[in-house]
1. I'm trying to understand the selection: among the residues of the stretch 205-254, which are closer than 19 Å to F266 by Cα, of a type in the set (G, A, S) and away from the ligand (no atom under 16 Å from the Cβ)?
2. For the list (1) modelled with pLDDT of 95 or more; (2) among the small types (G, A, S); (3) more than 16 Å from the ligand (Cβ to nearest atom), I need the number of the one condition that G320 fails.
3. Counting residues that are more than 30 Å from E399 (Cβ to Cβ), which helices (runs of 4 or more DSSP H) fully inside the stretch 1-116 reach at least 1?
4. Look through the stretch 150-180, keep the residues that are more than 16 Å from the chain's Cα centre (by Cα) and surrounded by fewer than 19 Cβ atoms within 10 Å (Cβ to Cβ), and return whichever of them is farthest from the ligand (Cβ to nearest atom).
5. Could you tell me which residue of the stretch 85-103 is nearest to D55 (Cα to Cα), considering only residues that are in contact with a helix residue (DSSP H, G or I) (Cβ under 7 Å, 6 or more places away or on another chain) and surrounded by 15 or more Cβ atoms within 10 Å (Cβ to Cβ)?
6. Filter the stretch 294-322 for residues that are in contact (Cβ under 8 Å) with a residue 60 or more places away in the chain and farther than 26 Å from Q98 by Cα and give the result.
7. (1) more than 16 Å from the ligand (Cβ to nearest atom); (2) buried (at least 16 other Cβ atoms within 10 Å of the Cβ): which one isn't true of A106, the others all being true?
8. Can you work out which of the residues in the stretch 274-285 that are under 12 Å from V383 (Cα atoms) and buried (at least 24 other Cβ atoms within 10 Å of the Cβ) is farthest from the ligand (Cβ to nearest atom)?
Amino acid sequence: MGMPFNMTPRDVAPVGTKFRCIQTQLPHPEAVETIRRIQQNEPRASESQPPLLWDRAEDVGVFDRFGNKWLDFTSGVLVANSGHAAPEVKQAIVDTAQHGNLHSFAFYNEQRGELTKYLADLSPDGLDKMFLLSSGAEAIEFAVKCCRSHGIKFGGDKKLAIVGFDRGFHGRTLGAQQVGGIPGQKDWIVLRDPAIFNAPFPDGYWQEDVEFETFTEKIRNHGLKPESIAGVVMESFQGGGPDFAPVEYVKRLRRWCDRYGVLLVFDEIQAGCGRSGKFWAFEHYDVKPDLIAFGKGVSSSLPMSGVIGRPDVLDIFDHGSLVSTHSGNPICSAAALANLKKIKNEKLTENAANLGVVLTERLEAIQSKHSARIGRVSSRGLVGGLQTVLAGKKEPDPELAHRIVELCFERGLLFFAPAGAWGQTIKLCPPLTITEEALIEGMDVFASAVDDAIAEQ
Ligand SMILES: Cc1ncc(COP(=O)(O)O)c(C=O)c1O
């Protein structure tokens, strides 16, 4: 579904500000050569992003080795919440490696213990246990396993269905893609698990009916009774927007889950760790989940993910059966702990909440100027999205989104390739350390790229 970016080096206007520096052709000819070499040993589907040969990154800046610097609106796909290569995180990694604690398998290490304690303290009362993993998709797979194991144990072997949501994304493994709701991504599965299906996601735009009845109706139409549902897996905000469900919808969902003994899982892999202006994005709904899947921004760096949950759920598995080779790796755990302390000590969640007001205002101004081509803008905290549509229609326009990202790349503002179910969403998600000055500069560049891309067509 992705579109390739232009790989021909071309002259672009030089840029020199506090946050951006563009002083060569883009893409740089040597970068193109190296990227072509890398591509020889990778599947073509791994080619996805603007042709930047990433050399290093620091806070909100991403550098190549040719003297160019981009202002980062990606956080490296919503990972670097405390900024890229934060000194505290770097130090924790170096110290742990220098000490000689690079890997301990499932033997205990102190770093993992400190991290799980810290995360439990950041989570709602009663969510005290967790299983650490490495990727977000793995965390979702485990959350699904928890739901089914819990359902079967307490409701018999008919209580195993899992409900995800249309247009949801939870990763690219077998279970995660079935729970997810992006149709094209599931074609390869063919023989899908009939007990994993999607309900409409009440975003208010692609799905205009936001009443909770759409959820119960879907279960009925799927031929199931609520008693046969084991778990509901919902992104706290859907990444393709970002889109939150209405608060009242989620409160009703929570009550419905309680009534039928269904586990409610919030996927906080992208939404968590301060991004939305609350530490966990589900806090916006004022409900408590049974399980939280986390990843990405928990470390701002090395691979770390996991599932936090109630002891009576996490403790249903047999002794010794929750083990994974890299679970609780000491260096990844030390990095995550340093990152979480920085988010807390430097009030980065609060910074996201405050600057979110600026992000929202700027996005709304862009939309009102181009209302025929921008179907929707949405944001909360430091995550925003702008969705492009064909002129005057409610039909996604991934080509326009792609062109805007490309123009920004040439101007020293970095976005990852458009996301969303049809590649129509440009996501704005800078590190939570960004200042108002940098955010405004980035939004000015973005606004002019939107103007120019629309004018070109
Ligand atoms: C909401 C959500 N869940 C799960 C994942 C999968 O995480 P990973 O790529 O680490 O497997 C992602 C990744 O983008 C995500 O945004």
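The values are calculated or read from the model by the stated rules, or taken from the named source; none is laboratory data. Note that this is a predicted model, so its numbers are computed, not measured. Quick reminder, even Gly has a Cβ in these numbers, built from the backbone with ideal geometry, and neighbours come from all protein chains shown.
1. A230 - this is the single residue of the stretch 205-254 that is closer than 19 Å to F266 by Cα, of a type in the set (G, A, S) and away from the ligand (no atom under 16 Å from the Cβ).
2. It fails just one condition, (1).
3. Numbers: elements: 29-39, 75-78, 87-99.
Once the helices (runs of 4 or more DSSP H) in the stretch 1-116 are filtered for at least 1 residues that are more than 30 Å from E399 (Cβ to Cβ), what remains is 87-99.
4. Among residues in the stretch 150-180 that are more than 16 Å from the chain's Cα centre (by Cα) and surrounded by fewer than 19 Cβ atoms within 10 Å (Cβ to Cβ), the one farthest from the ligand (Cβ to nearest atom) is G156.
5. Checking each candidate, the answer is A86.
6. The initial filter retains those residues of the stretch 294-322 that are in contact (Cβ under 8 Å) with a residue 60 or more places away in the chain, namely 294-311, 313-317, 322.
Answer for the stretch 294-322, where residues must be in contact (Cβ under 8 Å) with a residue 60 or more places away in the chain and farther than 26 Å from Q98 by Cα: F294, V307, I308, G309, R310, P311, V313, L314, D315, I316, F317, L322.
7. (2)
8. In this case the residue turns out to be G274.
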